[in-house]
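What follows is a set of notes on a single structure, which appears directly below.
Throughout, read-outs are computed from the coordinates displayed, never taken from laboratory work. Note that the structure is predicted; figures quoted are calculated from it, not measured. In this analysis, Cβ positions are derived from the backbone assuming ideal geometry, glycine residues included, and neighbour counts consider all displayed protein chains.
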Amino acid sequence: MGIQDIIEGKRQWRAHKARVKALPPDYQIVYQEIQRYLFKVGPVDLVDGQLLQELVDFFAEGAASGQGVLQLIGTDVAAFSDGLVKDSRTYADVYQESVSKKSGTAEK
């Protein structure tokens, strides 16, 4: 990864954050909670993927239609967040695999 890639990545992240700040306050709060959750346990490909961009798009459409964020995603934000990553490989999976490999090696 070169310096230009880093600069471009920062530019894209700033643009993304500006889109989040343009959302209504209730959407911003829920977005930040989902983002925090995804960064903590989320998919391995979160950084390379488009999940956060798609989430902002989804929220922007909901806000434009006049819906409240909880009308859009439901009252259980954690369940919605889990649904976003249900078919993705997570860091918890990677950790579990590494523990399993170490256990299997120790038994042999």
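In the chain, the longest principal axis of the Cα atoms and the axis of helix 3-21 are about 50 degrees apart. Computed extension gain for V41 through F58, at 0.36 nm per residue and net of the alpha carbon distance, reaches 4.0 nm.
Non-local lysine pairs in the chain, meaning eight or more places apart or on different chains, with alpha-carbon distances under 22 Å, amount to 5. The residue among M1, Y37, A15 whose Cα reaches farthest toward the positive pole of the charge dipole of the chain, with charges on the beta-carbon of Lys, Arg, Asp and Glu, is M1. Radius of gyration over Kirkwood radius for the chain, both on Cα atoms: the Rg/Rh ratio is 1.09. Relative to the longest principal Cα axis of the chain, at what angle does helix 51-64 sit, 0 to 90 degrees, rounded to 10? The angle comes out near 20 degrees. Taking 0.36 nm per residue of separation and subtracting the Cα-Cα distance, full extension of the segment from K21 to V99 would add 24.1 nm. Helix 91-107 and the longest principal axis of the Cα set of the chain meet at an angle near 10°.
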